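These notes are about the structure you will find just below.
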Amino acid sequence: MRIIVKKELIEGILAYSRDVHPREIILLLRGKAGNDIEVNEVVMPPGAIQGLGFSGFQPYKLPFDLSIVGVIHSHPSGSSSPSIHDLNHPYGKITMIAAYPYRSVDNITIFGKRGQMLPFEVVAQ
Ligand SMILES: [Zn+2]
């Protein structure tokens with residue numbers, strides 16, 4: 001399985017994370033999930049809560065949407081590892097974390113449902 005993420009999406013996530021810092025961001029990742037996972041856009045979750053050291057949303061408010069492949073949230077602490085909470089509450093196939101200082105793709109990590117780090121490719125288009 002390959003994970004493919006658009007470059008402009010990564011840049012948008014990093015810029016938004018910087019804007020909102022020190023609060024966390026949380027966005028849904030939308031794309032295609034087949035043999036590979038393609039992440040094409042982000043959408044604001046309904047009922048999103050963004051706070052200091054906490055971000056979340058209410059999954060029951062989500063429309064049934066197979067194009068949601070996972071969630072991106074930021075870690076203002078700078079940790080690029082999933083927290084216990086992240087591991088206990090996965091949503092979708094992948095969990096993406098943007099870690100402070102949100103400067104480049106090096107600050108982005110992606111994890112699977114069991115907390116395993118997943119490699120990903122960044123594409124221009
Ligand atoms: Zn987290």
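Observations, loosely collected:
- Test: residue in the range 94-110 that is modelled with pLDDT of 95 or more, farther than 16 Å from GLU38 by Cβ and touching a Lys or Arg at 6+ places or on another chain (Cβ under 7 Å): yes
- Residues that are at pLDDT 90 or above, more than 13 Å from the ligand (Cβ to nearest atom) and not β-branched (Val, Ile, Thr) are absent from the range 45-66.
- Residue in the range 92-125 that is nearest to the ligand (Cβ to nearest atom), counting only those that are in a strand (DSSP E or B) and either touching a helix residue (DSSP H, G or I) at 6+ places or on another chain (Cβ under 7 Å) or polar (S, T, N, Q) (or both): THR95
- Failed item, numbered, when ILE84 is tested on (1) away from the ligand (no atom under 13 Å from the Cβ); (2) loosely packed, with under 13 Cβ neighbours inside 10 Å; (3) at pLDDT 90 or above; (4) of a type in the set (A, V, I, L, M): (1)
The values are calculated or read from the model by the stated rules, or taken from the named source; none is laboratory data. This one's a predicted model, so the numbers in the text were calculated from it and none came from an experiment. So basically every Cβ, Gly included, is an ideal-geometry build from the backbone, and we count neighbours across all protein chains shown.
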